[in-house]
Amino acid sequence: MTGQDGLTFDFGGGLFLIDLPQPMAGFRRFISSWFFRDTVGRRVLVDPGPAGTIPLLLHELEKLTDGVDLVLLTHIHLDHAGGLTEFCSHYPGVEVIAHPRAFRHLREPRKLWDASVHTLGDIALMYGEPAPLPPSVPLLEQDPAGLIEIFPTPGHAPHHISLRVPSGGRTLFFVGEAAGMVLPLEDGARDSIAPGASLWLRPTTPPRFDADAARSSLSLLASVLRGDELLCYAHWGTSENPRERTLQAREQLERWFSLIEPLRDRTPEEIVEYLLAHDPLLRRSGDLPPDLLDRERRFMANSVRGMIG
């Protein structure tokens with residue numbers, strides 16, 4: 001993997017990750033967009049990210065392409081799709097694939113915005129308010145070319161999907177947040193070490209979390225993954241061991257439920273410290289820069305609230 005200006009990372013075969021750092025401490029190597037060409041030549045972007053960093057995304061894309069034909073949305077939370085309308089205004093004719101349950105929120109995002117501000121507070125304000133997507137931008141439930149496989153993977157959100165796409169002689173599997181989030185502990189995000197040996201993996205279980213749906217989604221992923229895909233996370237990087245990572249995510253989800261259950265009388269912040277001490281997939285917390293660890297503590301507390309709720 002090579003970096004370009006520290007923001008665009010080349011994963012080979014025409015796959016690029018564009019990092020979208022936010023103007024708040026710790027919000028780097030966290031939010032990203034993916035760009036690639038599929039096997040019929042379409043220029044594809046996955047999750048354009050928040051409204052506030054669309055200018056940065058467009059600047060980085062100018063180095064890679066003169067256009068975008070298709071946007072894939074794993075889900076429509078602000079950090080993944082808040083900037084969709086502004087992004088699409090720069091690419092006439094672009095089409096968007098998303099879960100049909102997301103369509104009305106993309107056309108009229110007020111309810112999504114209000115709920116995001118209630119849950120995330122100043123983080124939502126940093127991301128920026130989404131603008132309504134005009135009718136001129138087509139919203140699609142399926143790929144008109146019949147190339148992209150779409151799998152419903154709710155839990156993190158009821159409108160969450162995962163997508164399998166052939167590209168550049170290999171198969172990409174965009175899992176969004178259905179299998180948790182990963183942090184690169186080395187200078188890079190490749191799966192260059194033995195799975196689990198030096199891994200930071202945690203669930204993403206926001207309030208109004210549907211545990212049964214999350215379990216079903218991980219079971220579905222385990223059944224449809226062939227094992228030869230490159231697993232592409234929304235947060236952050238890739239894994240060449242998709243089945244093992246999915247199994248780890250499922251085991252960790254159950255471990256968190258088991259660890260949290262006897263601690264329900266404690267605050268979410270206290271439970272986070274207990275998880276940091278007892279979950280083996282979080283044992284590298286001491287290796288994280290302080291700003292990233294502070295960010296992780298904040299999001300982990302939100303995940304704990306989701307599990308308790």
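General remarks:
- Pairs are defined by a Cβ separation below 8 Å, a sequence spacing of at least 6 or placement on different chains, a first member in region 32-57 that is more than 17 Å from Thr74 (Cβ to Cβ) and free of Cβ contacts under 8 Å to residues at least 40 places away in the same chain, and a second member that is assigned to a helix (DSSP H, G or I) and of a type in the set (Asp, Glu); the pairs so defined are Ile54/Glu86.
- Counted residues, region 1-35 - those being in contact with a Pro (Cβ under 9 Å, 6 or more places away or on another chain), modelled with pLDDT of 90 or more and in a loop (DSSP other than H, G, I, E, B): 3
- Enumerated strands (runs of 3 or more DSSP E) restricted to region 84-188, each holding at least 1 residues that are hydroxyl-bearing (Ser, Thr, Tyr), surrounded by 20 or more Cβ atoms within 10 Å (Cβ to Cβ) and at pLDDT 95 or above: 161-167
- Set side by side, the residues Thr53, Thr74 differ, and just one is under 18 Å from Tyr127 (Cβ atoms) and under 15 Å from the mean Cα position of the chain (by Cα), which is Thr74.
- Residues satisfying the stated conditions in region 260-304, i.e. closer than 20 Å to Ala213 by Cα and either in contact with a strand residue (DSSP E or B) (Cβ under 6 Å, 6 or more places away or on another chain) or crowded, with 17+ Cβ neighbours inside 10 Å (or both): Ile260, Met300, Asn302, Ser303, Val304
- Condition met for Thr39 (polar (S, T, N, Q) and closer than 21 Å to Val137 by Cβ): no
- If you go through region 214-231 and pick out every residue that is in contact (Cβ under 8 Å) with a residue 24 or more places away in the chain, among the small types (Gly, Ala, Ser) and surrounded by fewer than 17 Cβ atoms within 10 Å (Cβ to Cβ), you end up with 3.
- Enumeration of residues in region 58-72 that are free of Cβ contacts under 8 Å to residues at least 40 places away in the same chain and in a loop (DSSP other than H, G, I, E, B): Glu62, Thr65, Asp66, Gly67, Val68, Asp69
- Of all residues in region 226-248 being out of contact with any helix residue (DSSP H, G or I) (no Cβ under 6 Å at 6 or more places or on another chain) and among the small types (Gly, Ala, Ser), the one that is farthest from Ala178 (Cα to Cα): Gly237
- In the set (1) under 12 Å from Leu20 (Cα atoms); (2) in contact with a strand residue (DSSP E or B) (Cβ under 7 Å, 6 or more places away or on another chain); (3) of a type in the set (Asp, Glu); (4) at pLDDT below 95, the condition left unmet by Asp38 is number (1).
- Verdict on Ser162 being more than 28 Å from Asp212 (Cβ to Cβ), touching a Phe, Trp or Tyr at 6+ places or on another chain (Cβ under 7 Å), among the small types (Gly, Ala, Ser) and touching a residue at least 60 places away in the same chain (Cβ under 8 Å): no
- Failed condition for Gly121, given (1) free of Cβ contacts under 8 Å to residues at least 24 places away in the same chain; (2) over 15 Å from Pro206 (Cβ atoms); (3) not basic (Lys, Arg): (2)
The values are calculated or read from the model by the stated rules, or taken from the named source; none is laboratory data. All figures in this text were calculated on a predicted structure; none of them were measured in a lab. Positions of Cβ are backbone-derived with ideal geometry, glycine not excepted, and every protein chain shown enters the neighbour counts.
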